[in-house]
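The values are calculated or read from the model by the stated rules, or taken from the named source; none is laboratory data. The model shown is predicted, which means the values in this text are computed figures rather than measured ones. With ideal geometry, Cβ positions are generated from the backbone for all residues, glycine too; neighbour counts draw on all protein chains shown.
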Ligand SMILES: CCCCCCCC/C=C\C/C=C/C(=O)SCCNC(=O)CCNC(=O)[C@H](O)C(C)(C)COP(=O)(O)OP(=O)(O)OC[C@H]1O[C@@H](n2cnc3c(N)ncnc32)[C@H](O)[C@@H]1OP(=O)(O)O
Ligand SMILES: Cc1cc2nc3c(=O)[nH]c(=O)nc-3n(C[C@H](O)[C@H](O)[C@H](O)COP(=O)(O)OP(=O)(O)OC[C@H]3O[C@@H](n4cnc5c(N)ncnc54)[C@H](O)[C@@H]3O)c2cc1C
């Protein structure tokens, strides 16, 4: 199914915007991609995948039934997988099957999500992270070659957050050297796993391991659930799709129940613990939570995923705002482009800056993750708690911020932003799920808070703490930081806010314990403050990392690129400082006059960035096929595309709908 798009001239307003650009767009693209080579590689891969137009649908996905949409998604997934397997991996290298380029290119095929996404996104990483070398040799080639298709079935109907509360059991039978998987209750049914409902023939299952009459907690098992030839569920397996959702419409999220279903002993993923033939349980991991490794990996990758989604939304909203004109400023003058309104700039420029902040931070987080994992492989797990705390809060805050900024982008496009053809509702509903999956926002911030409270106590007693909380050594015992409106001053204020909030949590917990509460209740009563403290810590990490990375990556850039990258980072600092004025007043010496000055400088910065706005989103270099938007295409022919998309509505296939004769006419004639 191919559809040709008419080639159009660029809208004159957008053409004029591009003439105003004063920096080298390609240099900024290179910074975002991680280097000139990476940009070239990305473009080459995008050309291979997209130039034959295989991804274009004649009928928009949203106009299809649930079944048709799923079938179309599978059709495209197979085309896409073949391109990945036969052409793209040759360029990235097999080991880079998780390359963000593949993820980005996939969006040209799927407005929503591919049913294969969780196979490459979670099933394969779990095999890599949780298997012994023998298991890896057995399963990984088959998975990478799509000989088997997997899902990640952890969450149950009754429990998602509290993994230790999962009910599915895997009981070892030494006589047959098999595990018996069982779902003892309705709440123990696996629920949510992407690709599980109709697509996967295998899955990774998290279950409570029982051997020699003892429960050893949750472990991971690889389970074949469907016949490879007929695709029928195997006897003892009950599997299906969970029904319509807010988004993820083509991901066939599934349920799964086991009725004493047997798998070979070798199907327990045994990198961190094993069950011997005789049923003896042997733990090799130096840290009890290494089986949660896939979740940490995905949390890390989600930060760059949020940058990508936000860059799509910002591109759509800014290009549209350059073309859209509304309301006379003065009588008889032309209506201004809505991008000229400072309120519109306030909604949108932070989205560009945040996409940069997340992208630069995600690269740093990825390097940190790789370094910690290298240590873990050598048996050193010392840095794991800090990585867990960091990946938890960055996942929580990046998904939450991306979501609210994407909604701002939709607001910024007025009524047309509500159209599915704008793609903003799809981007929003996709990102809405990220705030919940892979660890809910509140739950993950509370994990970070546990780490922060311990770090605060260490700093209070004069001990050195780990790098991301090193600011506590400086600020833990300080009352208020002296306000300074330079970038260093603002970053230090964020650190002071975080330290102040963590310290306040510690005092609240201690006071509550003094007044007779036990630790658990004191902690529980303080959780509202603990979530806020973890968020503040995350903001301190974000502003510091974004700034340092921006400086590092622009060292050899041209002067104007340096300036515009600097402006974006300053905008990010000022935006958040102004959002947190209450906290600044509490934890720094900032005055009303200082805040008024900051507000004025922020407004001046919006004006300074205005001429480069369209070029800054052009620098994200998102092809129209990836944007899927009537409002955001490179040529800016918004109204033509909206009209063109409207024609595709199935309701326009006939001039009179049969319901007129069946219902409306009888109603009009009083015959109903
Ligand atoms: C390629 C890019 C693709 C991007 C797009 C992909 C699209 C994919 C779409 C959807 C996929 C969705 C998949 C899923 O959602 S899978 C299911 C994910 N589920 C969760 O994330 C559940 C969240 N819950 C938890 O992680 C845990 O239950 C918990 C961390 C909240 C609590 O665990 P628990 O075992 O109860 O531990 P405690 O709270 O008792 O803590 C003890 C101790 O352990 C520390 N700790 C916990 N987790 C970790 C960890 N992962 N690493 C290191 N340490 C950990 C914890 O901090 C405590 O430490 P202490 O304070 O020092 O005691
Ligand atoms: C689109 C989508 C795709 C998914 N894909 C998969 C998948 O492929 N595989 C898989 O296994 N799972 C998947 N999930 C499940 C997902 O991981 C869980 O939904 C998520 O971890 C949240 O758990 P929950 O649904 O049990 O929420 P709950 O934990 O029930 O949360 C409900 C509310 O309670 C609050 N809460 C819970 N515990 C605490 C606490 N200790 N302290 C304070 N507040 C708390 C939460 O903040 C939240 O507001 C997916 C979910 C979605 C939405």
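Name the residue, out of 540, 569, 533, 619, that is within 16 Å of ligand 2 (Cβ to nearest atom) and within 26 Å of the chain's Cα centre (by Cα).
Exactly one residue qualifies, and that residue is 533.
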Query raised in the report: Could you count how many residues in region 121-135 are out of contact with any strand residue (DSSP E or B) (no Cβ under 6 Å at 6 or more places or on another chain) and under 24 Å from residue 168 (Cβ atoms)?
Result: 9
Report summary line: Among helices (runs of 4 or more DSSP H) entirely within region 581-672, at least 2 residues that are surrounded by 15 or more Cβ atoms within 10 Å (Cβ to Cβ) occur in 581-587, 592-609, 613-618, 624-627, 638-647
Report summary line: Counting only residues that are surrounded by fewer than 20 Cβ atoms within 10 Å (Cβ to Cβ) and part of a loop (DSSP other than H, G, I, E, B), region 384-434 contains a total of 1
Query - Those strands (runs of 3 or more DSSP E) lying entirely in region 81-183 with at least 3 residues under 25 Å from the mean Cα position of the chain (by Cα), crowded, with 22+ Cβ neighbours inside 10 Å and at pLDDT 95 or above - result: 150-153
Requested in this report: Read through the list (1) farther than 19 Å from residue 622 by Cα; (2) more than 16 Å from ligand 2 (Cβ to nearest atom); (3) part of a helix (DSSP H, G or I), then give the number of the only condition that residue 59 fails.
Outcome: (3)
Report summary line: Subset of region 173-200, residues touching a helix residue (DSSP H, G or I) at 6+ places or on another chain (Cβ under 7 Å) and away from ligand 2 (no atom under 16 Å from the Cβ), comes to 177, 178, 179
Query - Given (1) farther than 23 Å from residue 353 by Cα; (2) modelled with pLDDT under 95; (3) not in a helix (DSSP H, G or I), number of the condition residue 485 does not satisfy - result: (1)
Report summary line: Considering residues that are outside any strand (DSSP E or B), in contact with a strand residue (DSSP E or B) (Cβ under 6 Å, 6 or more places away or on another chain) and within 18 Å of residue 70 (Cα to Cα), the number found within region 222-256 is 3
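Conditions (1) within 16 Å of ligand 1 (Cβ to nearest atom); (2) assigned to a helix (DSSP H, G or I); (3) over 26 Å from the mean Cα position of the chain (by Cα), marked per residue:
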site	(1), (2), (3)
282	no, no, yes
291	yes, yes, no
295	yes, yes, no
305	yes, yes, no
310	yes, yes, no
315	no, yes, no
319	no, yes, no
Query raised in the report: Restricting attention to region 361-370, does a residue exist that is surrounded by fewer than 22 Cβ atoms within 10 Å (Cβ to Cβ), under 29 Å from residue 449 (Cα atoms) and either away from ligand 1 (no atom under 16 Å from the Cβ) or modelled with pLDDT under 95 (or both)?
Result: yes
Query raised in the report: Do you know which of the residues in region 462-482 that are part of a helix (DSSP H, G or I) and touching a residue at least 40 places away in the same chain (Cβ under 8 Å) is surrounded by the fewest Cβ atoms within 10 Å (Cβ to Cβ)?
Result: 467
Report summary line: Of (1) more than 30 Å from residue 365 (Cα to Cα); (2) away from ligand 1 (no atom under 16 Å from the Cβ); (3) surrounded by 17 or more Cβ atoms within 10 Å (Cβ to Cβ), residue 236 fails just (3)
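Conditions tested, residue by residue: (1) within 14 Å of ligand 1 (Cβ to nearest atom); (2) under 23 Å from residue 384 (Cβ atoms); (3) modelled with pLDDT of 95 or more; (4) in contact with a helix residue (DSSP H, G or I) (Cβ under 8 Å, 6 or more places away or on another chain).
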{"residue": "436", "(1), (2), (3), (4)": "yes, no, yes, no"}
{"residue": "448", "(1), (2), (3), (4)": "yes, yes, yes, yes"}
{"residue": "452", "(1), (2), (3), (4)": "yes, yes, yes, yes"}
{"residue": "475", "(1), (2), (3), (4)": "no, no, no, yes"}
{"residue": "489", "(1), (2), (3), (4)": "no, no, yes, no"}
{"residue": "503", "(1), (2), (3), (4)": "no, no, yes, yes"}
Query raised in the report: Looking at this structure, is residue 493 in contact (Cβ under 8 Å) with a residue 12 or more places away in the chain, assigned to a helix (DSSP H, G or I), under 24 Å from residue 550 (Cα atoms) and more than 16 Å from ligand 2 (Cβ to nearest atom)?
Result: yes
Report summary line: All conditions in (1) touching a residue at least 24 places away in the same chain (Cβ under 8 Å); (2) more than 16 Å from ligand 2 (Cβ to nearest atom); (3) over 15 Å from the mean Cα position of the chain (by Cα) are true of residue 377 except (1)
Query raised in the report: Does any residue of region 454-461 turn out to be farther than 30 Å from residue 60 by Cβ, part of a loop (DSSP other than H, G, I, E, B) and away from ligand 1 (no atom under 16 Å from the Cβ)?
Result: yes
Report summary line: Filtering region 510-534 for residues that are part of a helix (DSSP H, G or I) and surrounded by fewer than 20 Cβ atoms within 10 Å (Cβ to Cβ) leaves a count of 15
**Report entry** residue 443 being within 16 Å of ligand 2 (Cβ to nearest atom), surrounded by fewer than 17 Cβ atoms within 10 Å (Cβ to Cβ) and not in a loop (DSSP other than H, G, I, E, B)
**Finding:** yes
